[in-house]
Each structure stands twice: as structure tokens, then as C-alpha cells.
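Peer 1: Structure incoming, see below.
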Amino acid sequence: MAQARPALVLALLLALTGPVLSPASAQTAASAEMALAAGDVALARRLAHERLASAPGDAAALSVLAAADLAQNRPASARRHARAAHATGTTAHDRFVAARMAAAAAHGEGRTLVAQYWLRRALQTAPHPAAKAVTIQDYRNLRRVAPLNLAVDLAFRPSANVNGGAENPMLSIDGVPTFFVFDGASRALPGAEARLGFALRYRVAGDAARGTEIGATFSQTSVWLSDRAKAIAPEARGSDFASAVLDLHLTRHAELTERTAVRGGVQLGQSWLGGSAYARRARADLTVLHLLSPRTMGRFGLALERHWRLGGHPPATAVVLDGGLERRLHSGAVLGLRLTAGQTVSGDANSENQTLAGEVRYSLGKPVAGVAVSASLGLAWRDYPVFFGGVFGDSGREDRSVAGSLDLALGRLQAFGFEPVISLEGRRTRSNVSRYDGTSLGIGLRIRSSF
């Protein structure tokens, strides 16, 4: 997306779409295109203005002016002309050319998010697969080198337990009833939840190979209760279980060799539950990536976290180790493996635990009937040596979980580079403390970027 000479700008567009001007354009406009291709910017500009005098709003002539502006290092003017060409273009061809011109101009102004926006607009009207592929690659290249990037995440799913409540109304420990009965709001409540998230990062120094970034992520989850949930807990409201998380981070990354990269950083976070502040956290982490072979990537990470739950609870400190392998098979499919181990210590004995988890993920190399398919299967174990302060015995708490998912990305329904993903998710948790015993199976929908 670097600035280019007018002939080079035009050559690229010709390669992607054919002539910049539509066949119906007048000879004057065609001459402007030829002058631009020959490098005579002044003549191209004069002829384009003549065309606009006789045909105001002609998209092709406006695109010629945009290319001429780019050649003369006038990106702001180029973007104005390209935006006008896109607004007046009557064909997908006209709008594709104008959108790419606008993206190049925005990049020249240093407005990378605006450039990404226009590349997505161009993708929507790409005339053939080659034009679409080049536009996607331009977007990826721009995202890699751009100092500022923004990502958006949107998801919705029904759930039989939106509040993480108890499925059994009476608490039992090791299969023995305690005759403690949960109130309605503490029981599993069916309904639906929607999540909207944003991730913003800005490179303050360096480049894509070695640099320092600051950033923020924020997600908000809203909850709606079904009629059945309202019958179980008449006083409960969906907003009681709504949550939000905000994280601020400082990250440093570097490519140590052609095969090894390292990334480390610190984070500060705050969470809310039911509209009230719930907990704070601080985290430091280090991750090493190593290319074991042309098709296999290894990963190892170490993290240290400190949690402060508000309301007088003692803080907790967790150490987490994780490692993984990802291999691209000859078929194009990707197979991944991840293992995680953690230890949490706290002045609150009920919070101290050890964890061990593993996950296998597989993604097909090619879409099936236009649908990209990926699946995962995971196992997890968590052990609390002491729970409920030993009131119900000294067996503590032990949770064992198995979870699986199947993601179906509907690429044929994509718009502006975003595609819907249907997720089938299931989880089964068995705990000696019935409050944490449960099964969930559901279907969800989220929107993600397809590149």
C-alpha cells in the first residue's frame, strides 16, 4: 500500500480489474487514463476535469484524479476524490477501483484504520477471485506494519446456565446430602447471553519484527433470563449476571533469529459483575515461539498473576506454565496441541488449587461446501485441597471436565471480510461438590474477521 507512481497505480488496477474507466466513458476520460499511464500527471488531471465538466460525478474521472493526487503526494485530496468516486460509482468495478484508491490515500495520510476500512469496502466489490486475493493480502500486510490496530468480537448464544449456578438445588459433598438448599438466584438459570468485545493496540516503538506496544481490551457480556428462569428466581434480573472485563497491557516482542521469537509483557485488569466492581488483577508473562520445522511451530509460556477480589477477600497468586505444538499437514489442515499447568496460593484456603489441562484442535485445510470446519477436544482437572474451610469434611474439592466444540465458518455469507461462525459447544464437569457439577450443550453464533 505504499505510495506509487501514477503508471504503477494504474498498472495494478488494470491487472486486477481491467481498464480503470468503464466502457461507457467518453473519449476524453479515456485519454486521461492513457496520459496517467504514460506518467503525464498534468495532462491526466486536465482531461479528467474536462470529463467532469461534461459529466459531473463521473467515477472513472474522479479515480484518475485520485491517482494523480497520490502521484503528487497529496493523499488528503486523493482520498476526497476516491470517496466521491465510490459514492457516484454505478458499477461494482467503479466502486472497487475507488475503494482501493481511498485505501492507498488513507495509508499515505497515516490513517491505517481508515485504510483498513476502505480495503474491506474494496473486498465487497472485488470483480474476481484474483482481485479479492490481492486485496486480502494488502489488508494483512497493512495490519502487520500498521502501528494502530483495532479488532472487534461479537457473539451470541443461548444457555441453560447463564449464571453458572447449581444444577442440583441441594448441596451434596462426596455424594452425601448436606440439606443446604440453594436459593433461586444461585441455581442454574436458562436464558441467553451476548458478548461484545474490542481490542486496541498501538506500537509505540520499533516495527513488526521488534517493537513495543501498548493496548487495551474490553468485553461486555449481557444476559437475558428465560421465563423458566424467572419462575425459578422471580427476584433475579439478567443485569444481575452481566459482566465486563477491561485489561491494559504493555508488550515487547522481538524476533531473536529466523526461527525464534519472544514476547513478554505486563497487564493490569479490572472486572465487574452485576454492574459492580468485582476483582482486579496484575499479570506478567513471557512466551517463546520456535519454528521446529517448516511445518511445525512450538510454543512455551510462563505467567505470574495476582488477583484481588473486592470485598475483603485475601488476594491470590497464580503461576501458570503452558506449552503447545502446531503442525500444518500436507493436506493444508492444521493440528494443534496445548498443555497447561497451574498453581494458585492464597491466604484464603478455599482459593488454593492446582490445575492441569490439555486440548487438541484440528482445522480442515479446505472448506467443505464453502464452510471452514475446525474442532477441539479438551480435558481439565482442578484440585482444591481445602474447600468450605473444612466445614463439610477434609476431602476438599476436585473437578474433572471434558469439553468439545465444532466451529463452522460460513465464508459464503461474508460481508466486508466478516463471516458468521456457528459453534456447537458441549461441556461436562464432575465434581465431588455438587455446586460445581454440571453439563452444558448448546449452539452459538459469533462474527469474526475472515482474514
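The values are calculated or read from the model by the stated rules, or taken from the named source; none is laboratory data. None of the values given here were measured: they were computed from a predicted structure. Positions of Cβ are backbone-derived with ideal geometry, glycine not excepted, and every protein chain shown enters the neighbour counts.
Peer 1: Do you know which residues across region 256-300 are hydroxyl-bearing (S, T, Y) and surrounded by 13 or more Cβ atoms within 10 Å (Cβ to Cβ)?
Peer 2: Passing the criteria: T260, S271, Y278, T287, T296.
Peer 1: Taking only region 225-235 into account, find how many residues are without any contact (Cβ under 8 Å) to a residue 60 or more places away in the chain and crowded, with 18+ Cβ neighbours inside 10 Å.
Peer 2: 2
Condition check ((1) without any contact (Cβ under 8 Å) to a residue 40 or more places away in the chain; (2) under 24 Å from S374 (Cβ atoms); (3) not aliphatic (A, V, I, L, M)) across all residues:
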{"residue": "R281", "(1), (2), (3)": "yes, no, yes"}
{"residue": "L289", "(1), (2), (3)": "yes, yes, no"}
{"residue": "F300", "(1), (2), (3)": "yes, yes, yes"}
{"residue": "E305", "(1), (2), (3)": "yes, no, yes"}
{"residue": "H330", "(1), (2), (3)": "yes, yes, yes"}
{"residue": "A333", "(1), (2), (3)": "yes, yes, no"}
{"residue": "S351", "(1), (2), (3)": "yes, no, yes"}
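Peer 1: Do the conditions hold for V9, that is, is it outside any helix (DSSP H, G or I), closer than 28 Å to R120 by Cβ and modelled with pLDDT under 50?
Peer 2: no
Peer 1: Do any helices (runs of 4 or more DSSP H) entirely within region 43-145 hold 3 or more residues that are touching a strand residue (DSSP E or B) at 6+ places or on another chain (Cβ under 7 Å), and if so, which?
Peer 2: 112-124
Peer 1: OK, next. Please tell me if R428 is outside any strand (DSSP E or B) and surrounded by fewer than 18 Cβ atoms within 10 Å (Cβ to Cβ).
Peer 2: On the way: outside any strand (DSSP E or B): no; surrounded by fewer than 18 Cβ atoms within 10 Å (Cβ to Cβ): yes.
Taking the combined requirement at face value, the residue does not satisfy it.
Peer 1: Something else about it: In region 56-76, which residue that is of a type in the set (G, A, S) and surrounded by fewer than 16 Cβ atoms within 10 Å (Cβ to Cβ) is farthest from T112 (Cα to Cα)?
Peer 2: Looking at residues that are of a type in the set (G, A, S) and surrounded by fewer than 16 Cβ atoms within 10 Å (Cβ to Cβ), I get G57.
Peer 1: Let me ask something else about it. Going through region 419-440 one residue at a time, which ones are in contact with a helix residue (DSSP H, G or I) (Cβ under 8 Å, 6 or more places away or on another chain) and closer than 20 Å to F156 by Cβ?
Peer 2: E419, P420
Peer 1: Then there is this: Please go through region 233-249 and pick out each residue that is in contact with a strand residue (DSSP E or B) (Cβ under 6 Å, 6 or more places away or on another chain) and either modelled with pLDDT under 95 or in a helix (DSSP H, G or I) (or both).
Peer 2: Once the filter is applied, which keeps residues that are in contact with a strand residue (DSSP E or B) (Cβ under 6 Å, 6 or more places away or on another chain) and either modelled with pLDDT under 95 or in a helix (DSSP H, G or I) (or both), region 233-249 yields G238, F241.
Peer 1: Determine whether region 197-219 contains at least one residue that is buried (at least 19 other Cβ atoms within 10 Å of the Cβ) and in contact with a Pro (Cβ under 6 Å, 6 or more places away or on another chain).
Peer 2: Yes, that holds for at least one residue.
Peer 1: I would also like to ask the following. Does at least one position in region 154-172 carry a residue that is surrounded by fewer than 17 Cβ atoms within 10 Å (Cβ to Cβ), outside any strand (DSSP E or B) and touching a helix residue (DSSP H, G or I) at 6+ places or on another chain (Cβ under 7 Å)?
Peer 2: There is at least one residue in region 154-172 that is surrounded by fewer than 17 Cβ atoms within 10 Å (Cβ to Cβ), outside any strand (DSSP E or B) and touching a helix residue (DSSP H, G or I) at 6+ places or on another chain (Cβ under 7 Å).
Peer 1: Sort out which residues of region 200-217 are of a type in the set (S, T, Y) and in contact with a Lys or Arg (Cβ under 7 Å, 6 or more places away or on another chain), and write them in order of number.
Peer 2: Hit for region 200-217 is T212, nothing else.
Peer 1: Next up: If a residue must be within 26 Å of the chain's Cα centre (by Cα) and surrounded by 15 or more Cβ atoms within 10 Å (Cβ to Cβ), how many such residues does region 301-315 contain?
Peer 2: Qualifying residue count for the region: 5.
Peer 1: Across region 168-182, what is the number of residues that are without any contact (Cβ under 8 Å) to a residue 40 or more places away in the chain and among the hydrophobic types (A, V, I, L, M, F, W, C)? Walk me through it before giving the result.
Peer 2: Restricting attention to region 168-182, the residues satisfying the condition of being without any contact (Cβ under 8 Å) to a residue 40 or more places away in the chain are 169, 176-177, 179-181.
So of that shortlist, the ones also among the hydrophobic types (A, V, I, L, M, F, W, C) come out as 176, 179-181.
Number satisfying all stated conditions: 4.
Peer 1: In addition: Looking only at region 316-333, which residues are touching a strand residue (DSSP E or B) at 6+ places or on another chain (Cβ under 8 Å) and either surrounded by fewer than 17 Cβ atoms within 10 Å (Cβ to Cβ) or among the charged types (D, E, K, R) (or both)?
Peer 2: Scanning region 316-333 gives T317, V319, L321, D322, G323, L325, E326, R327, R328, L329, A333.
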